[in-house]
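Notes for the one structure printed next.
No value in this document is a laboratory result; all are computed from the given coordinates. Remember, predicted model here, so these are calculated numbers, not experimental data. Cβ sites come from the backbone with ideal geometry, for glycine too, and all protein chains shown count toward neighbours.
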């Protein structure tokens, strides 16, 4: 797992380094706490699974703290606390190997958390295995995945910060994948599918890399993913792809590049909408919502959503853009009654 270099936490005395118990020693004991933290991060030597984390934020001075973890996942949005006050926040985090992209490196075992924000202050922390958790699996490409290298950031990487305790995001999106490769690679669908349990949501956004996939194959692949989720007792949700920031002369995104129509003329969002309607699958039309947002911001304003300024990249989102797009997904999950409104932050 990545080690983050962050500002020291004010008014907090911590041990010199991680002192986590082995997983076997910690089983059945009290929740793991602040003794497993340094001034900038916490490490908990736990096996893969879902864990509830409760943080108590604040110190003698005014503070503002955000929590990230694992492969750059945003787990708690920046939270301001007045001087002398304490604020409790909780979230549930997915711990897995590999910890980021399924075809990437394993990372370090256990759970790593890092403190960020303008003036971080952690007064206490408790980590325990989650007893009641609903998971949101993500199946997607580089625009969704847990990106390891800054400034690249997938919207799935930012989604956890919008969810309260009891819902964990299991992000199995992987860079460069199409419906063809995701189904065909044993590290991907063959690995993810058996993990799905009854009640889990599985969000599928695959289109950006189906550049040479014909419509019949693309439709069949989406239907295979839907069927596989349902056979496990999960609930599939089809997600149309985020738009590319590719403006037409009239200031709209009404062109094949922006709207993910491939060289064979396959209109990916249209096929996804059709499969969702035919199979009775909930649909999150992220193409429509991101198109509306990008067009409203215009050529200049929309640059900040993508990595245009950094990389001249009109496909991949910046941390800011990924956060905004994750917010659109959160709103859609609530609007379609896929998660209760009380289970999300903001919105």
**Report entry** Theoretical FRET efficiency, 1/(1+(r/R0)^6), r = Cβ-Cβ of residue 108 and residue 250, R0 41 Å, to 0.05
**Finding:** 0.25
Query raised in the report: Please state the relative contact order of the stretch 30-129 as a whole percent: Cα pairs under 8 Å, 6+ residues apart?
Result: 44
Query raised in the report: Add -39500 (n - 2.57) for each DSSP H run of 4 or more in the chain, then divide by its residues: what number comes out at 222 nm, to the nearest 500 deg cm²/dmol?
Result: -7000 deg cm²/dmol
Query raised in the report: For the stretch 249-347, what is the Kirkwood estimate of the hydrodynamic radius, computed as the reciprocal of the mean inverse distance between distinct Cα atoms, to one decimal in Å?
Result: 15.1
Query raised in the report: Roughly how large, in nm² to one decimal, is the mean projection of the convex hull of the alpha-carbon atoms in the chain?
Result: 17.4
Report task. On a C-alpha basis, how far is the centre of the stretch 113-142 from the centre of the stretch 230-288 in Å? Whole number, if you could? Result -> 30
Query - Taking all pairs of distinct alpha-carbon atoms in the stretch 108-162, Kirkwood radius in angstrom - result: 14.2
Query raised in the report: Can you give me the relative contact order of the stretch 134-343 as a percent, contacts being Cα pairs under 8 Å and 6 or more apart?
Result: 23
Query raised in the report: Can you give the angle from 0 to 90° between the axis of helix 319-335 and the longest principal axis of the chain, with both taken from C-alpha atoms, to the nearest 10?
Result: 80
Report task. Working from Cα positions, state the angle (0 to 90°, nearest 10) between the long axis of helix 215-231 and the longest principal axis of the chain. Result -> 40
Query raised in the report: Tell me, 76, 159 in order of fewest to most beta-carbon neighbours within 10 Å?
Result: 76, 159
**Report entry** Folded to 0 to 90 degrees: helix 268-279 orientation relative to the chain principal axis, Cα
**Finding:** 80
Query raised in the report: How do 189, 155, 246 line up, fewest other C-beta atoms within 10 Å first?
Result: 246, 189, 155
Query raised in the report: How high is the relative contact order of the stretch 223-347, given as a whole-number percent (alpha carbon pairs under 8 Å, six or more residues apart)?
Result: 22
